[in-house]
Amino acid sequence: MVSRTLIAGGCVMRPGGEWPVGWLLIEDGCIARMGEGAAPDIPGVERIDAWGHYVLPGFIDVHVHGAVGCDTMDGSPESLVKMARFYAQHGTTAFLPTTWTESREKIMAALEAVSEVMNRPTGGAAILGAHMEGPYISEEKRGAQDIRHVRRAGREEALAFLDTGIVRLIALAPEYPENHWLIEEASRRGIVVSVAHTQAGPEDIARAVELGLRQATHTFNAMIGLHHRRPGTVGAVLAEDAIMCELIADGIHVHPLVMKLIVRAKGLDRVILITDAVNPTGLPDGDYKLEDRSIVVKDGRVLLPDGTLAGSTLTMDEGLRQIMRAASLPLAEVWPLTSLNAARQFGLDDHKGMLAEGYDADIVLLDEDYHVRLTMVGGEIVHQA
Ligand SMILES: [Zn+2]
């Protein structure tokens, strides 16, 4: 029997504006029909009353390492499933599990675990592929990445990673000539290349864009900052239209005022909200491990013993609330930062990232305070508050 669900009465977020009241008919995992105003009478459907709620595309998190004690680097399908279920409680319907700077063996094990669970139902958010953050980064700007494993891109190793066929995003430092071939090769394969953990200046960025660079990893963090006479990495990626900027909108990694400036500089179609969440996310403050290193979580901050920020405990719904406050913008203008922009960047926007007929029924319902009430992945309700 075909399952049919009708979401009726909610305020529906659409590209170019919202429907104050609208409805969606979900059939076979897709949005079969939708419209503005009161829902038509359709017999034999399961009805979800969305009155007083916002209806928008599920969040797509392209940079996220872990949660609830699990990490992409566990190299474990079970860990990825637990993460997927936790993220869905916060409105995420698709994500890219993200690897750290580590040995070849550990990164490869993590990629293999991702390939085992991707494109399969997880009971939570869908796994679309993998994001490799490092290991081809700058020693000086490593942040919380492990310096023992920082290196340049060797052909044999890097091609083995790409040949898994599941890497959708690779974050590297483009200022090293040894990494240039990889920018070209990854771009040629349709993998998005992002500048990360870097000392690249404007000339390095311009050259890398020619080679295929299209994204900036957690903009402002682990890169050279903006000075009015030395624009640094930040000035270059803000000014370069070819680059989409990731932003950790937790008010910790980037001051709320600067969050607003990023949105102003790039425009609402060139910023992708990410969480960069790590394994203690969803757990109480306390002492934890990041691989074999100690970290402490206090008031939502994740810190190495020397005080370096080591990822976040952010969730996508909280990021959305923070960017709305910081930029003083309504949901109708800001929602693409949580889904559509990522979908466009990764070539998924013909079936994900917006509410439209024929699109995947990846949907989140938010209450009037923008807290998640319901998450649907491929037409299945995976979370209900
Ligand atoms: Zn990260």
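Readers should treat all values here as calculations from the given coordinates under stated rules, not as data from a laboratory. Because the structure is a prediction, the values reported are computed rather than measured. We place every Cβ from the backbone using ideal geometry, glycine too, and count neighbours over all the protein chains shown.
For the range 219-234, backbone nitrogen atoms closer than 15 Å to the point 7 Å from Ala206 Cα along Cα-to-C-beta are found at 230-233. In this simple spin-label model, placing a label point 7 Å from the Cα along the Cα-to-Cβ direction at both Arg155 and Arg47 gives a separation of 6.5 nm. Can you spot the lysines whose alpha carbon is less than 28 Å from Lys289's alpha carbon? Ignore those fewer than 8 places along the same chain. List returned: Lys82, Lys106, Lys141, Lys298.
Relative to one another, the C-alpha centroids of the range 236-292 and the range 126-172 are positioned 19 Å apart.
Between the range 37-67 and the range 314-341, the alpha-carbon centres lie 17 Å apart. Considering only alpha-carbon pairs that sit under 8 angstrom and 6 or more positions apart, the relative contact order computed for the chain is 19 percent. Working from label points 7 Å from Cα in the Cα-to-Cβ sense, the Arg148 to Glu357 distance is 5.8 nm. Label sites at His255 and Ala242, each approximated as a point 7 angstrom past Cα along Cα to Cβ, lie 3.2 nm apart.
Of Asp41, Asp367, Asp317, the residue with the greatest mean-square motion in the GNM of the chain, using alpha carbon springs below 10 Å, is Asp41. Here the relative contact order of the range 187-288, from alpha carbon pairs under 8 Å that lie six or more residues apart, stands at 22 percent. Under 17 Å of direct C-alpha separation, and excluding same-chain neighbours fewer than eight residues apart, Lys352 reaches these aspartates and glutamates: Glu27, Asp28, Asp61, Asp269, Asp360, Asp362, Glu380.
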